[in-house]
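To start, the structure under review is shown below, and the notes come after it.
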Amino acid sequence: MENDMTQLAALDFELPSRNVRPLRTRLRAVLLGCGTVNSGVLDGLAEMSGAVEVSAVVTRRPRPGKDGRTAWLTDIRDAFDTGPDLVIDGLPDCPAAEKALELAVERGIHVVSANKAVIARRPDLEVRARRKGTRFVYSAAVGGGVPVLETVIRLTSAGERIARVRGVLNGTSNFVLGLLEQGTGFDEAIAAAQAAGFAEADPSADIDGLDAAAKLALIARKAFAFAPDAASIPAQSLLSLDPGQVCGARENGLRYRQLAELTRLEDGTIDARVSLTALPEDHPLARPENEENTVEIVCESGLKVVLHGKGAGRSPTAGAVLADIRDLVEAGEV
Ligand SMILES: NC(=O)c1ccc[n+]([C@@H]2O[C@H](COP(=O)([O-])OP(=O)(O)OC[C@H]3O[C@@H](n4cnc5c(N)ncnc54)[C@H](OP(=O)(O)O)[C@@H]3O)[C@@H](O)[C@H]2O)c1
């Protein structure tokens, strides 16, 4: 893991980029996807209509053709033909999302995305966008409504050196662990997470720790200017735990949590891992319930910041996307 990190150290992820292409008066935006996240973004954009015009919304299944000046489309290329300044990516992890982000970067279109899996897998997209002077931002991809990346960026901009970031970054696994500790079986707990809208039809990325590993990869870019390969971050699956073990631990004052950790080692390399750890119940990182996230950021100066809040769901995640869009609008002095 440490070698992978070192090899990728040449990539430049330092923020903020001061070389952002100026925006014209009213931003033309395309929404890719209109599910949990982007339906909330679309609602929020209605209040920013003086600054942002939604030229098209793309979904997989057809929706009514035109809504005011917004075209509802099923072909992503048709949406790019509307000439957007900004692409707002609320697609799932899929080849279409990867291609759309490639196209946006190639055409010099600003990107706001919540799609951690694609962004983690394609660090080159951010680097290329930065070189072109276009924004490629993804606050919602880590922590949902909890400002993890924003805080890391602020701290490093203020001259702090990050020593460690660790926390509960995956709401679905936390929700499932909460049910396991009450004696619910694994399959039933997954079904409850799906019914509550947290787990996807295929919940393996959450359960196997891959989602948390992708988020660590994104944090590492901002905290350490490194782009680790998320797939090579060691991750322990919830399936390796016996549900009885989780329940028993709770009875003994311990709570299992899926802990994602990044640590700067003494030799300057970064250790990254996702593990299942039994923490004393009064430990701050044992605190998140259901889909909540809690993240602790420790700086070499001794400064410690603890963030806690809703890590997923329509409103907090859409709020983080909208904040990125507002930053973009303000940067262009629209
Ligand atoms: N949900 C959260 O709390 C949360 C939090 C943080 C980050 N994220 C990330 O945000 C992204 C969106 O999540 P979500 O929960 O909003 O997903 P979602 O509810 O499943 O919505 C996905 C949207 O993408 C559309 N879509 C899927 N494949 C498409 C394709 N090939 N072409 C065009 N449209 C396509 C779907 O169309 P239809 O409507 O026709 O199905 C739907 O509108 C994901 O990358 C996720 O990891 C989500």
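The values are calculated or read from the model by the stated rules, or taken from the named source; none is laboratory data. All of these numbers come straight from a predicted model, not from anything done at the bench. Ideal geometry is used to build each Cβ from the backbone, glycine not excepted, and the neighbour counts take in all protein chains shown.
So the values come out like this:
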{"read-out": "Those residues of region 24-40 which are more than 8 Å from the ligand (Cβ to nearest atom), more than 17 Å from E330 (Cβ to Cβ) and touching a residue at least 60 places away in the same chain (Cβ under 8 Å), in sequence order", "value": "G40"}
{"read-out": "Odd one out for D206 among (1) more than 12 Å from the ligand (Cβ to nearest atom); (2) within 23 Å of C247 (Cβ to Cβ); (3) at pLDDT 95 or above", "value": "(1)"}
{"read-out": "Residue count for region 41-60, restricted to those that are charged (D, E, K, R), within 21 Å of R77 (Cα to Cα) and either buried (at least 18 other Cβ atoms within 10 Å of the Cβ) or more than 9 Å from the ligand (Cβ to nearest atom) (or both)", "value": "1"}
{"read-out": "Answer residue from region 62-109, given it is touching a residue at least 60 places away in the same chain (Cβ under 8 Å) and in a loop (DSSP other than H, G, I, E, B) and is farthest from A217 (Cα to Cα) among those", "value": "D85"}
{"read-out": "So E160, is it surrounded by fewer than 20 Cβ atoms within 10 Å (Cβ to Cβ), in a helix (DSSP H, G or I) and either more than 16 Å from the ligand (Cβ to nearest atom) or assigned by TED's automatic domain parsing to the domain that holds N115 (or both)", "value": "no"}
{"read-out": "V112, sole failed condition from (1) more than 17 Å from the chain's Cα centre (by Cα); (2) under 18 Å from R221 (Cβ atoms)", "value": "(1)"}
{"read-out": "Count of region 143-164 residues which are free of Cβ contacts under 8 Å to residues at least 24 places away in the same chain, within 19 Å of the chain's Cα centre (by Cα) and within 24 Å of E266 (Cβ to Cβ)", "value": "0"}
{"read-out": "Which numbered condition D43 fails, given (1) within 14 Å of P92 (Cα to Cα); (2) in a helix (DSSP H, G or I); (3) charged (D, E, K, R)", "value": "(1)"}
{"read-out": "Residue list for region 278-328, restricted to those being crowded, with 23+ Cβ neighbours inside 10 Å, of a type in the set (S, T, Y) and either within 12 Å of the ligand (Cβ to nearest atom) or farther than 27 Å from A191 by Cβ (or both)", "value": "T317"}
{"read-out": "Among the residues listed as A227, A189, the single one being of a type outside the set (K, R) and outside any loop (DSSP other than H, G, I, E, B)", "value": "A189"}
